[in-house]
1. Would you be so kind as to identify which of C257, I419, T244 lies farthest towards the positive end of the dipole of the chain, taking Lys and Arg as +1 and Asp and Glu as -1 on Cβ and the Cα centre as origin?
2. How many angstrom separate the Cα center of the range 75-95 from the Cα center of the range 243-319?
3. Rounded if a/c is under 1.5, else prolate if a/b is larger than b/c, else oblate: which is the range 37-166, with a ≥ b ≥ c the root eigenvalues of its Cα gyration tensor?
4. Hey, can you grab everything whose amide H is under 5 Å from the amide H of I333? Only 5+ residues off in sequence or another chain; H modelled, so Pro and N-termini drop out.
5. For M415, project a label point 7 Å along Cα to C-beta. Then give me every residue of the range 360-380 with its amide nitrogen under 13 Å of that point.
6. With a ≥ b ≥ c taken as the square roots of the eigenvalues of the C-alpha gyration tensor of the range 349-421, please select rounded if a/c is under 1.5 and otherwise prolate if a/b is larger than b/c or oblate if it is not?
7. Per DSSP H run of n ≥ 4, the term is -39500 (n - 2.57); total these for the chain, divide by its residue number, and report the mean residue ellipticity at 222 nm rounded to 500 deg cm²/dmol.
8. Which of the listed residues, G21, H349, N54, is farthest toward the dipole's positive end in the chain, when Lys, Arg count +1 and Asp, Glu count -1 at the beta-carbon?
Amino acid sequence: MDKVTYSTPLARSSMAYVLAGGRGTRLMELTERRAKPAVYFGGKSRIIDFALSNAINSGIRRIAVATQYKAHSLIRHLQRGWNFLQPVRNESFDILPASQRVAEDQWYAGTADAVFQNIDIVDGYAPEYLVILAGDHIYKMDYERMLVQHVNSGADVTVACIEVPADEATAFGVMHVDATDRIVSFFEKPAHPPELPDRPGWALASMGVYVFRREFLNEQLRRDAADPHSTRDFGRDIIPFLVTHGNAIAHRFARSCIRSRDESEAYWRDVGTVDAYWEANIDLTDVVPELDVYDRNWPIWTYAEITPPAKFVHDVEGRRGTGISSLVSGGCIVSGSTLRRSLLFTGVHLHSYGSVENAVVLPNVDIGRGARLINVVVDANVRIPAGLVVGEDPDVDAARFRRTANGICLITQPMIDRIAV
């Protein structure tokens with residue numbers, strides 16, 4: 001097909017529809033009170049900020065976010081941090097909780113249903129294209145480049161895919177493509193993933209990012225809603241149907257991944273387990289991390305809480321406030337403690353004579369005097385008792401906290417309260 005010529009960026013005639021209703025059960029207690037997209041990441045952001053920032057930085061000015069599971073903290077974050085879009089500039093930001101709009105007993109049955117139930121709201125804005133986004137991944141991507149491929153290829157649906165080693169692709173939905181990247185078959189978590197024709201040993205895994213013409217998607221959602229056997233899901237129903245009966249094209253992430261000069265590889269993370277979450281956060285403490293969150297050309301927008309600067313105090317032997325290879329957010333006080341290869345979110349207070357190493361500490365945590373924490377994730381608002389030691393005795397840790405197979409301890413306030421009892 002000949003290339004289509006257009007006079008304005010396609011992003012300006014598009015809407016980003018973010019699916020942010022998932023719980024993320026493998027994050028264990030981190031998602032007991034919040035949806036996975038609302039989980040903190042990177043010192044001051046939430047996971048959902050990456051998909052939303054990609055949309056804004058790509059030029060998309062109409063955004064909708066569908067929420068469902070324990071959505072209060074997510075909705076509060078969106079209201080505080082994403083209220084700068086203005087209708088007078090043809091911009092919009094809609095939060096769409098599951099509100100039984102179709103039937104009084106029907107919440108969102110699946111990702112496709114989360115769009116279908118709000119189809120009238122989307123139609124009211126009349127975007128030419130819909131960019132469907134998962135709200136729970138960490139990556140930087142220019143959706144305009146994907147939109148251009150979608151239009152130029154004449155695709156019914158374009159699916160963003162990341163190249164992964166074939167032996168790791170068993171955990172993903174995998175696309176089998178021909179030499180032109182047309183998707184010829186789709187496999188959900190296959191035991192033997194099909195390899196890329198131009199890169200043996202590698203496979204294409206779906207990123208949960210799709211582009212459709214709005215009117216075409218509406219037709220498919222109505223068709224799917226009328227199918228009694230459908231699970232109302234993009235990955236399980238809509239995409240496989242179009243692979244078989246339509247023109248489905250794969251978009252390789254490397255073509256639209258945003259990289260600063262310090263980023264050598266295309267970066268995408270699911271952070272779906274405690275180990276993966278800890279590792280992705282701790283990786284940011286590297287001298288040259290794989291993900292550049294300091295890239296001012298592609299900023300990660302978020303709610304900017306007003307806080308005083310971080311402070312390091314006391315300078316006597318044995319009681320010196322120090323931070324080495326660490327990220328420390330505003331409002332933190334490191335008072336006579338040692339911090340190594342750790343990431344502190346807003347408002348953390350480390351009291352004297354303690355040490356924290358390889359730690360991801362979420363907002364407003366208070367770490368008592370003499371506490372020693374190694375290889376931990378500490379949930380928000382936890383009060384660590386004075387003298388508590390974590391990370392030195394695996395058996396004691398496992399009896400008190402959520403300890404992963406890799407030795408990372410997740411600490412929440414109820415776990416601390418049980419120790420006190």
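1. The one lying farthest along the dipole's positive direction is I419.
2. 23
3. Rounded is the answer for the range 37-166, as its axis ratio a/c remains below 1.5.
4. Distant-sequence amide H within range of I333: K311, V348, H349, L350.
5. Backbone N within reach: 360-362, 373-380.
6. Cα axes put the range 349-421 in the rounded bin.
7. So the helix-based figure for the chain works out to -6000 deg cm²/dmol.
8. Value computed over the given set: H349.
The values are calculated or read from the model by the stated rules, or taken from the named source; none is laboratory data. No experiment lies behind these values; they were computed from the predicted model shown. Here the Cβ is made from the backbone with ideal geometry for all residues, glycine too, and neighbour counts use every protein chain on show. These area figures cover heavy atoms from the full protein model, side chains too; ligands, DNA and RNA do not enter into them. Shrake-Rupley method; radii C 1.70, N 1.55, O 1.52, S 1.80 Å.
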